[in-house]
1. The conditions are (1) under 26 Å from the mean Cα position of the chain (by Cα); (2) modelled with pLDDT of 95 or more; (3) outside any strand (DSSP E or B), and GLY314 fails exactly one of them. Which is it?
2. I'm trying to understand the selection: among the residues of the stretch 290-327, which are farther than 19 Å from GLY471 by Cβ and among the aliphatic types (A, V, I, L, M)?
3. For residues in the stretch 231-245 being more than 18 Å from the chain's Cα centre (by Cα) and touching a residue at least 24 places away in the same chain (Cβ under 8 Å), which is surrounded by the most Cβ atoms within 10 Å (Cβ to Cβ)?
4. Can you tell me which residue in the stretch 317-363 is farthest from THR376 (Cα to Cα), limited to those that are of a type in the set (D, E, K, R) and in contact with a Lys or Arg (Cβ under 8 Å, 6 or more places away or on another chain)?
5. Residue under question is ALA518, and the condition is that it be exposed (fewer than 14 other Cβ atoms within 10 Å of the Cβ), of a type in the set (A, V, I, L, M, F, W, C) and touching a residue at least 60 places away in the same chain (Cβ under 8 Å); does it hold?
6. Please tell me if ALA93 is crowded, with 17+ Cβ neighbours inside 10 Å, out of contact with any helix residue (DSSP H, G or I) (no Cβ under 9 Å at 6 or more places or on another chain) and either at pLDDT 90 or above or not assigned by TED's automatic domain parsing to the domain that holds ASP209 (or both).
7. Which ones in the stretch 404-431 are surrounded by fewer than 17 Cβ atoms within 10 Å (Cβ to Cβ), touching a residue at least 24 places away in the same chain (Cβ under 8 Å) and not small (Gly, Ala, Ser)?
Amino acid sequence: WYPSPGTDPVIIPARAKKQQQLLEALQAHPGQTSRELKSAGFSRPQLNSLRDKGLAHESTEPPAGHASTQRTPDQPLNPLSPAQQTIYEGLMAHSDGFSSHLLHGITGSGKTEIYLHFLASMIAKSPQDAPQCLVLVPEINLTPQTLARFRRHFGARVAVWHSALNAGERLATWLRVRDGEPVVLIGTRSASLLPFTALQAIIVDEEHDGAYKQNEGFRYSARDLAIYRAHLNQCPIVLGSATPSLESLHNARSGRYHLHSLMERAGNAQLPTMQLLDIRSRTLQGGLAPPLLDALKATIAAGEQALLFINRRGYAPVIMCYDCGTLHECPRCDARLTYHRRDNCLRCHHCGFQQGIPKACGKCGSNNLHPVGLGTERTETVLEQLFPDTPVLRIDRDTTSKRGQLDSMLETVRGGAPCILVGTQMLAKGHDFPGVTLVGVLNADGGLFSSDFRGPEHLAQLLLQVGGRAGRGDRPGQVVIQTGQSDHPLLNTLIKGDYLTVADALLEERKDAGLPPASHMTALRVDAPTMGESLALLDQLLQLATQADSNVTVMGPFPALMARKANRHRANLLLQHTERQPLHRLGNQLCRWLEQQKLPGHTRWFIDVDPLEIE
């Protein structure tokens with residue numbers, strides 16, 4: 001496809017933004033095929049529309065004037081450092097047949113470069129077989145930057161898969177995979193379900209990320225499914241992370257995975273310094289203590305960029321009546337409504353319920369209502385007042401819901417001009433911000449007191465991942481973690497950048513308590529219009545499990561931590577054993593019994609193997 005001579009995107013109506021982007025893409029890189037353009041997110045109807053308007057045309061030969069602007073060949077790979085080369089050679093040494101590898105590389109160590117070299121070699125080993133490779137990423141928002149890096153080296157072979165694609169785009173990719181075309185597919189968790197016919201290698205980036213687990217409807221772990229698919233296809237799989245899950249570390253130390261460690265950053269970059277900032281008895285401004293605010297001012301004055309992390313979107317987590325203490329709660333869930341100031345509404349982040357801001361308390365009639373607590377929107381508002389001449393970019397689900405919004409903000413960041421990023425854990429997932437030299441974590445204490453036994457593990461991973469965004473360029477970085485628990489041993493170990501020491505301590509605790517990965521769990525979940533119905537069905541399952549001679553530990557039934565969600569009352573029954581087979585046998589037995597029952601249509605049940613959350 002080529003643009004017609006003399007065309008200008010501005011002549012396309014403003015409402016047809018996708019056509020404008022398509023014409024700009026053709027002008028930047030003439031000679032792209034329909035398949036390449038579809039992989040880039042454009043559809044056949046959009047191409048036809050440009051052709052019908054005389055703005056573009058399809059040809060097997062470049063027209064006059066375009067010979068010098070044809071697509072450049074795929075760029076060569078960057079040379080590996082000695083440490084990277086050692087790991088690459090270790091991967092290739094086990095590349096014939098099935099093998100599982102855990103690549104533990106600190107943030108900014110260049111794991112992606114190893115992936116690129118490894119996949120290039122796997123493709124080169126069997127070019128006649130049209131090899132297919134799968135690269136899993138945890139979030140849609142990581143797909144564009146990963147796509148760009150892989151396209152530079154693998155060109156038209158690269159395809160993409162995630163839920164934000166339209167039906168036509170998904171079908172085109174699905175057909176490429178099913179028909180056995182050579183492809184390097186970059187996708188989110190559902191890409192693990194595609195009908196590959198010639199898998200040669202699988203990469204699971206950020207393997208620790210909980211986004212790989214589907215927790216609604218059909219429950220599955222894309223990471224674990226990818227390992228199984230690698231086994232079926234007799235190909236190698238690489239799990240990469242700066243903060244590996246305890247399960248993967250346990251498997252590596254048990255000899256199930258080959259362990260590769262990369263403990264130095266790529267190029268001249270150094271790990272950032274990390275410090276705890278005790279916020280007890282301090283006055284906070286927009287969630288920032290004075291020392292962090294001073295560091296932020298110095299960073300901006302030096303022409304650098306800063307990132308502030310707060311894992312709560314919205315303006316404030318609750319609206320409170322100061323006269324009677326009433327908190328506004330969701331009528332459909334056991335949860336409070338979050339205040340969103342710009343949308344002027346209260347919103348439930350669990351079921352989506354939304355209402356306007358009340359003018360008076362529904363209990364006492366007082367109009368003395370105030371937002372309580374901190375969210376990304378509130379911090380953004382305060383920073384815009386404190387730094388009127390500096391762009392403040394809020395990156396969370398509310399500001400990136402539309403296609404292209406995140407890319408636009410990330411382009412601003414990559415431009416290198418001073419700016420302040422404020423966001424949730426979306427910012428902690430694999431992004432490369434060379435200009436960021438300061439990272440501030442506004443409140444690190446939530447995971448220390450989580451009711452989930454995985455809470456400390458998730459906190460350690462989150463803090464090191466978000467801290468790893470600092471100092472990835474030539475300038476040194478610093479990470480300031482605000483906490484009310486500055487003497488906590490986990491936090492004091494983490495600020496040394498020592499994830500493995502934390503992981504070892506947590507693994508020992510899990511072993512002593514008989515918790516995963518020292519054991520295995522399966523959850524049976526039921527939700528119904530009333531809690532009585534949910535518990536009654538699980539009580540029957542409890543009786544069956546007790547009668548079975550399985551030696552499986554059965555816990556419950558008990559209501560979920562959020563017992564009511566979207567007007568459904570939820571409860572759980574947990575099965576636990578040190579071996580998988582007894583769990584599978586009992587789980588299958590209980591599922592068969594459930595399938596034979598004539599349950600009310602409003603009652604739903606689910607089985608969740610290796611649950612990541614005890615709901």
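1. Among (1) under 26 Å from the mean Cα position of the chain (by Cα); (2) modelled with pLDDT of 95 or more; (3) outside any strand (DSSP E or B), the lone unmet condition for GLY314 is (2).
2. Passing the criteria: LEU293, ILE310, ALA316, VAL318, ILE319, MET320, LEU327.
3. Ranking the candidates gives ILE237 first.
4. Out of the qualifying residues, it is ARG332.
5. So ALA518 does not fit the description; no.
6. no
7. Across the stretch 404-431, the qualifying residue is only ASP407.
Quick grid of which residues meet (1) in contact with a helix residue (DSSP H, G or I) (Cβ under 6 Å, 6 or more places away or on another chain); (2) in the same structural domain as GLN285 (by TED's automatic domain parsing):
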site: GLU329; (1), (2): no, no
site: ARG332; (1), (2): no, no
site: ALA335; (1), (2): no, no
site: HIS340; (1), (2): no, no
site: HIS349; (1), (2): no, no
site: SER366; (1), (2): no, no
site: THR379; (1), (2): no, yes
site: PHE387; (1), (2): no, yes
site: ASP396; (1), (2): yes, yes
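The values are calculated or read from the model by the stated rules, or taken from the named source; none is laboratory data. The model shown is predicted, which means the values in this text are computed figures rather than measured ones. Counting neighbours? That spans all protein chains shown, and the Cβs are built from the backbone with ideal geometry, glycine included.
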